[in-house]
Amino acid sequence: MPAVSITESSFFGPNNGFHQIVDWGGVTSAYVLDAANVPLSELTSAGTFDPATHSALWTLAGGGATPDLVRTEVRYNRTEPEINMSWLIAAPFTGASVVFPVLPNDVAYLNPIASDGTSVDQITMAKLPGGYDAARPVAFNSEGIVGLAVGASGRAQLESYSGGRKRFRTR
């Protein structure tokens, strides 16, 4: 089996985004990353959740590489009946929002409503070899970004924003 190198680079963008870039492939004697044109579009705000449209929304600075997918976590709670929920979704990237499904009638009381306390606790955008379809099996993987290094060579680009604080996962 040929030797493979995996290089992970991470940095904070000028606003709220934490960027991670993983390159993998054959072992080389030198690795250089020109990060000027590699990052995804910069996240510029914490997300909000709109119960009426079941949508998590955020703002982007524009520019940068276009992500293939977004993974978002919404938390909501209510007092009567007492409900504390965390809902994590991975979806194709279509812009600065993602729509959560509406739960069916038998559990509709679990859908977030306008009087609930809501927060968007995580927004992670990713650009991966093979796009969204290739990412679906690993969208919730617990290995962190290095777990996205699938195939003989490639590049994974991620940007994350989490609950008003910068957060990242180490492996």
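The values are calculated or read from the model by the stated rules, or taken from the named source; none is laboratory data. Not measured: the values here are computed from a predicted model. Ideal geometry is used to build each Cβ from the backbone, glycine not excepted, and the neighbour counts take in all protein chains shown. Only protein heavy atoms, including side chains, enter the accessible area calculation; ligands, DNA and RNA are left aside. Shrake-Rupley method; radii C 1.70, N 1.55, O 1.52, S 1.80 Å.
Would you mind telling me the share, in percent, of accessible area of the chain contributed by carbon and sulfur at probe 1.4 angstrom?
Exposed carbon and sulfur together represent 54 percent of the surface.
Heavy-atom accessible area per residue, region 1-96, 1.4 Å probe: how many Å²?
Working: 4990 Å² over 96 residues.
Each residue of region 1-96 exposes 52 Å² on average to a 1.4 Å probe.
Based on the mean of other beta carbon atoms within 10 Å per residue, what is the order of 56-68, 116-128, 23-35, most packed first?
116-128, 56-68, 23-35
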